[in-house]
Amino acid sequence: MKIIVCVKQVPDTNEVKIDPVKGTLIREGVPSILNPDDANALEAALELKDRDQTVNVAVITMGPPQASYMLRECLAMGADEAYLLSDRAFGGADTCATSTTLAAGIRKVGNVDIIFAGRQAIDGDTAQVGPQVAQRLGVPVVTYVQDIRIGDGKVTVQRQMEDGYEVLEASAPCVLTCVKELNEPRYMSVGSIVDAYKKEITVWGHKDVDLDPSDCGLNASPTQVFRSFTPPQKGKGEMLSGTIQEMAAALTGKLAEKHLI
Ligand SMILES: Cc1cc2nc3c(=O)[nH]c(=O)nc-3n(C[C@H](O)[C@H](O)[C@H](O)COP(=O)(O)OP(=O)(O)OC[C@H]3O[C@@H](n4cnc5c(N)ncnc54)[C@H](O)[C@@H]3O)c2cc1C
């Protein structure tokens, strides 16, 4: 079985700030990390490999050359192969163009049974790329996956919902987008880090994945970011105390004062 995991290098959002004048993200000096949901997706693939050594796990990313550091981390966690889609033609991609490029890369890798992605990236936060990749490849998708069982040619998953879960069955090949409740990602060992540097990272540009420059990057991105901003901080909340009747009276008094009721 061949599994491919879509992994994205993201800025550590605890460190990201927005330029108040330009309204763009200040990325300079911000450390990059493997997107957290993608670490869960990779862990899910590696657990399937732990159970069946014939499983081959690849990771794929679209990003700048420095994304290869994150791919090495994935190799050190236990991935067998790594693919970096990197080309000036891919720059300025919105989610549409990102998924077109990833799907082209996955097609080129070939014979993939399961495509894992994270539920969402912590920088873009759209949760669109996984389902869009499935649409581009013409395969089924299950989002918010919190448990996976594979057997008899079927993929059975639990799909997380607000107040429970659904059990769904899909046929392979399919795309599964993973949530953090799925598992606890493993740590790299010193030995596996050394081994990761012995493995090759395959780098592909638009020609390698049969994409015309007009079909990728900014040229194929219908979305435009109008403005980014930090929402104003809300005022401090106020706790009411007393009996239920006293608190209800105090609350209605305050709302009436503000002419809200
Ligand atoms: C007009 C426009 C221009 C943009 N220009 C740029 C730019 O120049 N540079 C830039 O960095 N960003 C740019 N972006 C942002 C970029 O489009 C998104 O970061 C990207 O499409 C992924 O969307 P997301 O972060 O919402 O991912 P989500 O949809 O939330 O991610 C879900 C999952 O999809 C997978 N995934 C997402 N992105 C990738 C990837 N690149 N490789 C592998 N797997 C992935 C991961 O598994 C991830 O967990 C631009 C966006 C717009 C709208």
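Read-outs throughout are calculated quantities, based only on the coordinates presented, and are distinct from any laboratory measurement. Not measured: the values here are computed from a predicted model. Here Cβ is always computed from backbone atoms with ideal geometry, including for glycine, and neighbour counts include all displayed protein chains.
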Taking the convex hull of the Cα atoms, report for the chain its projected area averaged over all directions, in nm². 19.5
Calculate how steeply helix 36-51 sits against the longest principal axis of the alpha-carbon atoms of the chain, using the helix alpha-carbon long axis, and give the answer as 0 to 90 degrees to the nearest 10. 40
Out of every Cα-Cα pair in region 1-98, what percent are more than 15 Å apart? 65
Can you pull out the GluC sites (Glu not before Pro) in region 107-210 whose DSSP state is coil and whose Cβ has at most 11 other Cβ atoms within 10 Å? Glu162, Glu200
Would you order Phe116, Phe229, Phe90 from fewest to most other beta-carbon atoms within 10 Å of each residue's own beta-carbon? Phe229, Phe90, Phe116
I'd like the GluC sites (Glu not before Pro) in region 20-120 restricted to DSSP loop residues with at most 14 other Cβ atoms within 10 Å, sorted by number. Glu28
Using the Kirkwood radius over C-alpha pairs as Rh, can you work out the diffusion coefficient of region 119-233 via Stokes-Einstein at 37 °C, viscosity 0.692 mPa s, in µm² per second? 182
Short version: ³J(HN,Hα) in whole Hz for each residue of region 163-177, in order, from phi by Karplus 6.51 cos²θ - 1.76 cosθ + 1.60 (θ = phi - 60°), x for Gly and Pro, what are they? 10, x, 8, 9, 9, 10, 10, 10, 9, 7, x, 8, 10, 10, 9
Subtracting the Cα-Cα distance from 0.36 nm times the residue separation, let me have the gained length for Asn111 to Asp210 in nm, one decimal. 33.9 nm
Which one, Pro213, Leu85, Ala248, projects farthest toward the positive side of the charge dipole computed for the chain from Cβ point charges (K/R +1, D/E -1)? Pro213
Quick one: if you stick a label point 7 Å off each Cα along the C-beta vector at Asp147 and Thr243, how many nm between them? 4.7
Taking the Cβ of each residue in Met62, Met70, Met239, Met1 as the centre, tally the other Cβ atoms inside 10 Å and list the residues starting with the fewest. Met239, Met1, Met70, Met62
Distance between region 26-75 and region 187-206 - C-alpha centres, whole angstrom: 10
Sorted by chain and number, the residues with a modelled amide H under 5 Å from that of Tyr144, at a separation of 5 or more or across chains, are Thr177
Region 156-261: trypsin sites (Lys or Arg not before Pro) in DSSP loop, at most 11 other beta carbons within 10 Å: Lys198, Lys207, Arg227, Lys234, Lys236, Lys258
When we measure straight from the Cα of Lys108, which aspartates and glutamates land under 12 angstrom away, once same-chain ones fewer than 8 places off are left out? Asp208, Asp210
In what order do His206, His259 fall by count of nearby beta-carbon atoms within 10 Å, going from fewest to most? His259, His206
